[in-house]
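Encoded as structure tokens, the structure appears first; notes follow it.
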Amino acid sequence: MLSLRLHPLVVALTLLAACSSPKDPALRAAASIDDDAPPLPVVTDAATSLLFSFVDPGGRVLTVPTAAAVPEAVRKRVLVVDLDKTPEQRQAHRYAFFADLSVAQPDGTYPVVVVSRYDAAQAKSAAALPPADGAVIVYSAVWCGYCKKAKAWMKEHDVAFVERDVEKTPGAAAEVAAKLKAAGIPGGGVPVTDWAGTVVVGFDLPAFQRLLSSTKGGQVTPPRSP
């Protein structure tokens, strides 16, 4: 069990140093981006289906639901996740998308580049990323009995998961609210589990059992070490 503070995943900032257009073949080749890479997300101040993640000066990974909530000091390179697309559609196991929120383009959008997760992991200069889409994330609170039951069930069944306390982990409350909204699920309680892109509210044992049996023959992607 890892908290967000203890679970930073690496991604190269050096791959984003150039300001070339994302459509530039040279940029895509440099980052080992295939021609069949998913389309870039459209990032604007008005976008409501995106999550923005960044690293604060204290080294914590924070996630916010709007571009306006990203602090000026870190707006140059911000991880973007498009909740309108499934992990498969955005090929989350292969690619990550970064926006430059420092200056909007004439049409109101912000520049976005796509980065190979493999290449990013090999780089020496790095910053933190939240867990990959294949991970299981449990949004919980210390006072929640059903959260304890959900986490105990996952440990019993060897399901590796990342825990985010909605009251203590920076950005967790906004992140789970955005995921619930995207899934069309009314929020208001915990636990909420994001199981590789499937959102489960409460200690829903039948749902957990279905997901366990359908995910890679009962195996899920474990959280990666720092």
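We did not get these values from a lab; they are worked out from the coordinates using the rules stated. Because the structure is a prediction, the values reported are computed rather than measured.
Using a cut-off of 30 Å between Cα atoms, the listed pairs Lys85/Lys151; Lys76/Lys151; Lys76/Lys179 include Lys76/Lys151 as exceeding that distance. Here the extension length gained between Asp45 and Glu156 equals 35.6 nm, from 0.36 nm per residue of separation less the Cα-Cα distance. For Tyr95, the residues 5 or more places off, or on other chains, whose built amide H falls under 5 Å of its own are Arg117.
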